[in-house]
1. Please indicate, with yes or no, whether at least one residue in region 224-231 is surrounded by 17 or more Cβ atoms within 10 Å (Cβ to Cβ), closer than 28 Å to residue 351 by Cα and modelled with pLDDT of 90 or more.
2. Do the conditions hold for residue 217, that is, is it within 29 Å of residue 312 (Cα to Cα), over 20 Å from the mean Cα position of the chain (by Cα) and not in a loop (DSSP other than H, G, I, E, B)?
3. What pairs come up if the first residue lies in region 173-186 and is more than 28 Å from residue 147 (Cβ to Cβ) and assigned by TED's automatic domain parsing to the domain that holds residue 376, the second is crowded, with 22+ Cβ neighbours inside 10 Å and at pLDDT below 95, and their beta carbons are under 8 Å apart, counting only those six or more places apart or on different chains?
4. Just one of 39, 29 is surrounded by fewer than 14 Cβ atoms within 10 Å (Cβ to Cβ), in contact (Cβ under 8 Å) with a residue 24 or more places away in the chain and assigned by TED's automatic domain parsing to the domain that holds residue 145; which is it?
5. Which of (1) more than 26 Å from residue 274 (Cα to Cα); (2) modelled with pLDDT under 95; (3) surrounded by 21 or more Cβ atoms within 10 Å (Cβ to Cβ) does residue 337 not meet, given it meets every other one?
6. Here is a list: 458, 452. Which entry is farther than 19 Å from residue 400 by Cα, touching a strand residue (DSSP E or B) at 6+ places or on another chain (Cβ under 9 Å), assigned by TED's automatic domain parsing to the domain that holds residue 407 and free of Cβ contacts under 8 Å to residues at least 60 places away in the same chain?
7. Could you please let me know if residue 379 is under 30 Å from residue 330 (Cα atoms) and touching a residue at least 12 places away in the same chain (Cβ under 8 Å)?
């Protein structure tokens with residue numbers, strides 16, 4: 001007996017109606033990106049594991065899908081490798097039993113997280129032996145690799161956009177998938193803050209064009225977070241602090257404080273940081289409070305200066321629908337950010353961030369190219385789709401591919417309809433001729449199911465008089481006229 005077909009959790013099939021909507025999002029974003037001078041590129045789905053690992057922090061690295069090499073790579077492991085793997089499996093099994101279940105065994109994230117650090121280090125070395133390739137976790141690190149490899153072919157500053165899928169071994173839930181599309185815009189080769197200002201404009205314009213009217217662009221600066229860690233006497237725990245703060249929306253203030261303690265941040269430092277979780281007022285008031293808090297931190301004051309400049313220019317240029325605000329708790333968990341960080345949220349729907357990004361100064365340096373600062377923002381197409389669906393933001397025109405269906409009454413009528421269809425297509429009007437002379441009810445049902453707005457009926461009488469009868473499927477209105485008059489009517 002054959003098994004019932006299925007797909008892995010966190011992945012999806014897309015029906016035509018869904019793809020039409022997704023393509024509408026992609027097309028709208030591309031139009032905006034290109035208006036600002038960005039050029040398209042693509043990179044492979046596969047990257048070397050060594051390219052990706054160590055760029056996203058501990059939390060991100062654990063979610064990278066590694067690919068087992070072909071053949072039997074386990075045969076290449078030596079005796080000591082096998083002993084380490086045995087130790088890890090035994091340790092993980094003990095943890096699973098103590099937790100009373102099989103939770104996350106397949107993913108292996110929670111169990112490996114609890115294995116001793118030295119064993120994990122050895123396991124990482126072994127993993128590279130049997131899995132030298134991985135699916136890309138995001139588009140930014142592969143882009144940095146791309147820039148380094150193709151630097152002699154590019155003109156800097158280089159502005160690119162990229163719309164491709166990425167993969168993360170995350171726990172599937174609403175708005176969170178294991179395979180999803182990112183739509184990125186990045187500029188590399190300049191540290192000018194004009195780039196940050198442009199990215200705010202792009203986010204505002206692109207989402208406004210997609211029908212969003214109530215959304216917030218949150219901005220912070222990694223230098224401010226560095227300053228906070230410095231002022232609190234925990235400069236060496238910047239990553240621990242940012243990883244914990246980044247979970248504020250998920251686990252709340254109490255949860256963040258608990259995690260900070262678990263990561264070894266002192267009670268005194270937590271006491272100093274705590275008031276920042278409830279920082280309120282206008283953007284100017286927030287920046288003023290932060291300036292006082294960070295008056296002894298040079299790097300923190302530099303972050304405030306950069307943020308103030310961006311806000312001043314954005315206000316002067318004006319925005320369409322976005323609310324732009326300072327959010328000092330915005331941390332973005334990725335380790336490679338060094339300057340401005342962005343996050344965009346739709347305010348009238350329960351959903352995580354729909355866009356995110358920031359400034360990275362040292363990413364290409366990891367691949368051997370120094371002095372190549374970059375900044376970018378990523379649009380989460382899948383979350384944008386979910387929000388637009390929930391708020392009914394897709395215009396009717398975006399859901400219609402075929403505009404006209406010719407009903408098939410027989411061989412002579414079909415032949416004439418094919419000629420008229422060719423004429424419509426030459427005028428860039430999408431149309432179809434129903435492929436067989438099935439019952440009228442079946443053909444009309446097809447038009448309804450496909451949401452085709454106009455149906456053309458050509459019977460013996462229309463053939464004789466060189467006319468067409470066309471029906472507006474929404475209003476039910478039906479009219480007999482010349483083919484040229486019909487074209488004018490459907491183009492109104």
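The values are calculated or read from the model by the stated rules, or taken from the named source; none is laboratory data. Keep in mind that this is a model prediction, so the values were computed, not measured. Cβ sites come from the backbone with ideal geometry, for glycine too, and all protein chains shown count toward neighbours.
1. First, the residues of region 224-231 that are surrounded by 17 or more Cβ atoms within 10 Å (Cβ to Cβ): 224-231.
After this cut, where a residue has to be closer than 28 Å to residue 351 by Cα as well, the list is 224-225.
This time we only want the ones that are modelled with pLDDT of 90 or more, so: 224-225.
Yes.
2. Numbers: within 29 Å of residue 312 (Cα to Cα): yes; over 20 Å from the mean Cα position of the chain (by Cα): no; not in a loop (DSSP other than H, G, I, E, B): yes.
When the stated conditions are applied, residue 217 does not pass them.
3. Listed pairs, sorted by first residue: 175/383.
4. 39
5. If we test residue 337 against (1) more than 26 Å from residue 274 (Cα to Cα); (2) modelled with pLDDT under 95; (3) surrounded by 21 or more Cβ atoms within 10 Å (Cβ to Cβ), just (1) comes out false.
6. Details: 452 fails: farther than 19 Å from residue 400 by Cα.
Of the residues listed, the single one that is farther than 19 Å from residue 400 by Cα, touching a strand residue (DSSP E or B) at 6+ places or on another chain (Cβ under 9 Å), assigned by TED's automatic domain parsing to the domain that holds residue 407 and free of Cβ contacts under 8 Å to residues at least 60 places away in the same chain is 458.
7. yes
Every residue, every condition in (1) more than 29 Å from the chain's Cα centre (by Cα); (2) within 30 Å of residue 209 (Cβ to Cβ), yes or no:
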residue	(1), (2)
240	no, no
249	no, yes
290	yes, no
308	no, yes
